[in-house]
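Every read-out reported here was derived from the displayed coordinates using simple, explicitly stated rules and does not represent laboratory data. Since the model is a prediction, treat every value here as computed from it, not as a measurement. Here the Cβ is made from the backbone with ideal geometry for all residues, glycine too, and neighbour counts use every protein chain on show.
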Amino acid sequence: MNAASISSSRFVVALLLAAVMAATRWHHFGSVFSLPDASLAVFFLAGIYLRSPLFLAGFLAEAALIDYLAITVGGVSDFCISSAYVFLIPAYAAPWFAGRWYAARHRLAWSTLLPLGGALLLSVGVAYLISDGSFYLLSGRFPEVSAAEYFAQAVRHFPAYALHTALYVLLAAGVHVVVAAASGARLAHSARRP
């Protein structure tokens, strides 16, 4: 691949990831009419495909803009906006860094599924602890909830949180394999031409 082709591919990936975040973030948990939030998967995939910290900053800005518009224009509750909101920066940086870590180990081989799954699960766990934990501690919304009650709720909610992210990454991995196979077939076909 030449530099122009790589740059073009990154631009396409950035646009696709931005569109996925815009389409799913509006209602964070999903509903009958909307998909669950794909933000963690977007940051993880951005770490893999778009390694520049500028993309991390760009997706952080997009997330904040979507939240602002959802609340001011879309009528979404501002319940989640508190002094803990700033902790979304390190929470979203965790999957981005994990994606960067995985990118250095990626090959189109079954053996890279374990590092992929491990990096994803660990980073989603760290993101959950940072975002949910800071909200519990700093938002002022849970003065009567003990740490034990909070922990019980966190354990109950984390599997869905992780599952939604894993499904988005699994879908992206499938698309990656299909595109890689199609690119390989195209290269092989053009190499056979006289």
So for R0 = 22 Å, FRET eff. of SER8-ARG105 from the Cβ-Cβ r, to 0.05, ends up at 0.30
Relative contact order in percent for the range 3-192 (Cα pairs under 8 Å, 6+ apart) equals 21 percent
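Mind sorting ARG105, ARG156 by how few other Cβ atoms lie within 10 Å of their own Cβ, fewest first?
Ranked by crowding around the Cβ, least crowded first: ARG156, ARG105.
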With DSSP loop assignment and no more than 13 other C-beta atoms within 10 Å, the chymotrypsin sites (Phe, Trp or Tyr not before Pro) in the range 75-140 are PHE79
Could you check which residue among ALA103, ALA182, ALA64 shows the biggest mean-square fluctuation in a GNM of the chain with a 10 Å Cα cutoff? ALA182
From fewest to most C-beta neighbours within 10 Å, the residues GLU144, GLU62 line up as GLU144, GLU62
Using 16 Å as the cut-off for backbone N distance, which residues of the range 39-66 belong to the label zone defined by a point 7 Å from the Cα of LEU122 along Cα→Cβ? 44, 48
Taking other Cβ within 10 Å of each residue's Cβ, how do THR72, THR112, THR24, THR165 sort, fewest first? THR72, THR112, THR24, THR165
Short version: ³J(HN,Hα) in whole Hz for each residue of the range 135-148, in order, from phi by Karplus 6.51 cos²θ - 1.76 cosθ + 1.60 (θ = phi - 60°), x for Gly and Pro, what are they? 5, 4, 7, 10, 6, x, 8, 10, x, 8, 8, 6, 4, 5
Between (i) 16.5; (ii) 17.0; (iii) 18.1, the structure-derived Kirkwood radius over Cα pairs in Å is (iii)
Could you check the spin-label model distance between LEU167 and ARG141? Points 7 Å from the Cα along Cα→Cβ, value in nm. 2.2 nm
